[in-house]
Structures are given as C-alpha cells and as structure tokens.
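Structure first, commentary second.
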Amino acid sequence: MCQERRSGASPARRPRPWRAVSAAVAGMAVLAAASGGCSAGSGQHSNGSRASRSAQGAGQSRGGAMRALAGVRGGVMFGGDVPLATAESKLGRKLAIVRVYDHLGHRFGGPQINRIMAGGSTLLVSLDTLPPRGPSYAAIAAGREDAVIRSWLHEVEQSAVKYHLPAIYVTFEHEADVPSHHRELGTPAQFVQAWDHIHQLAASAHLNWNDGGRIHWVFILTHFAYNDGQAGQFWPGTHEVDIVGADGYNTGGCRAARSSHAHFTTGQTPPVTPASLFTGLVRFAASHGSLPVFIAEWGSVAYRNANIRVNWIHQMQAFVQANPEITAALYWNSQVPPCNYILNNSATSLSALAGMAHAPDMQGKPAAT
C-alpha cells in the first residue's frame, strides 16, 4: 500500500480510443472542463450526459458506456500487485490487471513485467518521483524532464502494442495527498501543473486513448483524501483524467501500532467497511465528470478469527458489485510491517478472494474503445 510503502515492499517497482459521437457529447466535454484545470490542446473526453451514456450503453451489462470510457469490457477487471500475480495458480485464473510501480528515470518494463504483459494482463503503472533525489513538480512542469518522460511514455505505448494490450493504465505520483512522501516535491497546485504537462506530452505524441494511442490516465489518491475533502486540491480536471482511483485498507490497527512501536501480528480493532473506505471515491468520481472508478489498492490484515478477513473480502466483492462505476479492483498482496495484507498462507482468505475472482461480473478485460 503506497501510502506507507515508499520503501518498496512490492518486488517489482516498475512501473482507448473512444471518440466523440455527437455534438451533445462534445458539449458536455466543454462543460466538464469547468470542474478542473487542463492543458491547452490535450485530447478531450467524450464523456456525454448521463442520459446519452445510458442510451449508448443500452444492451451492455454493468454500465457498458462507462466501461467503454474506461477501456474495459465484460465486467470488472479483477487484479492485484505483482506478488498476487505470482500466486495466480492459487486463484485459478490470470489477473486482468496488475499494479506495478516505476520511478522517473527508470526504463519501463523488465523481464518479469514483460512476462506478465505477454500473458495477457494489462498494467496499472505509476510514474513516481521521490525526494530528495527526484525532480520537483515545478521542474517537471517546466519541461526539464521531458526527454526522460517522453521515452518512458513511448515505451509504455510500444509495450501495449507489442503485447496486444488494447488499453494500458498510467498514473503520475500516486497518493500525492500523503504529505510525508510528497511535501518536498511541491504544492498540490504544482502537482496539477506537473500532471498537466506529462499528460500533454502524451497527447502531443498521440499516445493517449483519445489521441490514437492506448494510454488511459488514472488519478490515484488515498481513500482519506476523498473522505476528508482534500482530493479537489490535487484534481487535474476531467480533460486530464480518464479514471478516478483510490488506495484503501482494513488495517486492523496496524498503523497505530507502528506509530507507537507496539507489538502487532493480527487485527486488534474491528474491521472498517469497504463502504467507509471507498464511498467518498465513488461520489467524487460521480461529481467530477461521472468518470469510472478503480480500486487501485485494497486489502485487509489477518485476524485471529480467520472468518473476519474472509467476511471482509465478501463485503468488498458486494461493494464492487453494488457500484457499477467501479471498473477494476486490485488486491495488494504485500506488506509494510507490521501491516501485512499477504493472503498466501491463508487457505480461507485465498478461497474467498478466488471466489471473487471467478464471479461472473469480475471477468472484465481491457478493450479497444
């Protein structure tokens, strides 16, 4: 979980074209610009009104029009991080989408990531910069990192083409709302400027889904930012974001234990509900262009009573099924001690997650749109 993971718990720190269909849709895209900033010349969404989306999605399951906007077909994309991908045999299926993490200045991909893509899974990949060595938001917005960023974006696009992935998902500096990790990089306003600049670099090279490429942009903060009203400070605007995402966990008190240097092995506090974590995210996406939603990282610590985590996974499945805006959900099968979300040694939790993975409405895949 990246709000506490910056030291790198995950072993792989690697990191649509849906066009305007009517003048009414284009008009809504213009109206959507009022909700946030965007760079001049970037590709505009053909978001459309709720009514036009409903008409366009007639005959499609689970909000088909929204899934077209997200580059998804066939339901929700079930996924997770690289450690979960290595446990696919225990789930009995391939992950549709895998969460990976890159740092600015690193090349995209690598043997393990390439094998994942060759196997048919798309990626949700971060392009992050870390202080004190990484460039600031201001430096990125000023174009000082353009050559490196352009190269990375082209590598992402080329990989999507090479491995026949019709959509691939990119985020810049996920969880920018966490002060301890991002304070040195700049202000929320400077984050927006940096995001706009990177998005424009991709648009200028025709790499974005609505510019002829395959890249979709996912805005990811922690669930806290959507629940406490901070998310708007970091919002680049509906012309710069395709999907709204959040990371959120049932920690069972592990963060408090870490802060107080107390012993922690299993959950000590009652589990929070998925709705308490992610309802703010769903509402934010609905009020900012009616955009699709990704649960970019989710997980639960273990409890002495194994049924608690099993029931929590079932609750998460029910929450996803109850909110058709959600187009992907990715379990984070890793840890930042003492917060441990790994399921590998729990047969009951793995069985619950496998049940979710095999549900008929969790068979979504990336799609050309």
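Okay, residues lined up against (1) part of a loop (DSSP other than H, G, I, E, B); (2) under 30 Å from Ser300 (Cβ atoms); (3) modelled with pLDDT of 95 or more:
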residue	(1), (2), (3)
Ala32	no, no, no
Ala51	no, no, no
Leu95	yes, yes, yes
Tyr101	no, yes, yes
His106	yes, no, no
Legend entry - Residue count, region 227-271 (criterion: surrounded by fewer than 22 Cβ atoms within 10 Å (Cβ to Cβ) and over 21 Å from the mean Cα position of the chain (by Cα)): 18
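Do we find that Val161 is in contact with a strand residue (DSSP E or B) (Cβ under 7 Å, 6 or more places away or on another chain), farther than 15 Å from Ser204 by Cα and either assigned to a loop (DSSP other than H, G, I, E, B) or not acidic (Asp, Glu) (or both) in this structure?
Working: in contact with a strand residue (DSSP E or B) (Cβ under 7 Å, 6 or more places away or on another chain): no; farther than 15 Å from Ser204 by Cα: yes; either assigned to a loop (DSSP other than H, G, I, E, B) or not acidic (Asp, Glu) (or both): yes.
No; evaluated as a whole, the condition is false for this residue.
Would region 212-226 turn up any residue that is outside any loop (DSSP other than H, G, I, E, B), more than 18 Å from the chain's Cα centre (by Cα) and surrounded by fewer than 17 Cβ atoms within 10 Å (Cβ to Cβ)?
Within region 212-226, none of the residues are outside any loop (DSSP other than H, G, I, E, B), more than 18 Å from the chain's Cα centre (by Cα) and surrounded by fewer than 17 Cβ atoms within 10 Å (Cβ to Cβ).
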Inset, instruction - Scan region 284-295 residue by residue and report those that are open to solvent by 40 Å² or more (accessible area, probe 1.4 Å) and within 16 Å of the chain's Cα centre (by Cα). - result: none
Legend entry - Cross-chain or 6+ apart pairs with Cβ under 7 Å, region 78-92 first and buried (at least 16 other Cβ atoms within 10 Å of the Cβ), then of a type in the set (Phe, Trp, Tyr) and outside any helix (DSSP H, G or I): Gly80/Tyr331; Gly80/Trp332; Asp81/Trp332; Leu84/Tyr331
Legend entry - Number of the exception - Ile198 against (1) touching a Leu at 6+ places or on another chain (Cβ under 9 Å); (2) open to solvent by less than 10 Å² (accessible area, probe 1.4 Å); (3) over 18 Å from Val148 (Cα atoms): (3)
Legend entry - Breaking point among (1) out of contact with any helix residue (DSSP H, G or I) (no Cβ under 6 Å at 6 or more places or on another chain); (2) outside any strand (DSSP E or B), for Gly80: (2)
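Report, by residue number, each residue of region 111-133 that is open to solvent by 20 Å² or more (accessible area, probe 1.4 Å) and among the small types (Gly, Ala, Ser). Before the answer, list the steps.
We begin by selecting, within region 111-133, every residue open to solvent by 20 Å² or more (accessible area, probe 1.4 Å); these are 111-112, 114-116, 118-120, 130-133.
The answer is Ala118, Gly119, Gly120.
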Legend entry - All positions within region 335-360 that are open to solvent by less than 40 Å² (accessible area, probe 1.4 Å) and not in a helix (DSSP H, G or I): Val336, Pro338, Cys339, Tyr341, Leu343, Ser346, Ala359
Legend entry - helices (runs of 4 or more DSSP H) enclosed by region 251-334 - at least 3 residues per element that are at pLDDT 95 or above and within 20 Å of His174 (Cβ to Cβ): 274-287
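The values are calculated or read from the model by the stated rules, or taken from the named source; none is laboratory data. All values reported here derive from a predicted model rather than from experimental measurement. Backbone-built Cβ (ideal geometry, glycine too); neighbour counts: all protein chains shown. Side chains are part of the model used for accessible areas, which takes the heavy atoms of the whole protein and leaves out ligands, DNA and RNA. Shrake-Rupley method; radii C 1.70, N 1.55, O 1.52, S 1.80 Å.
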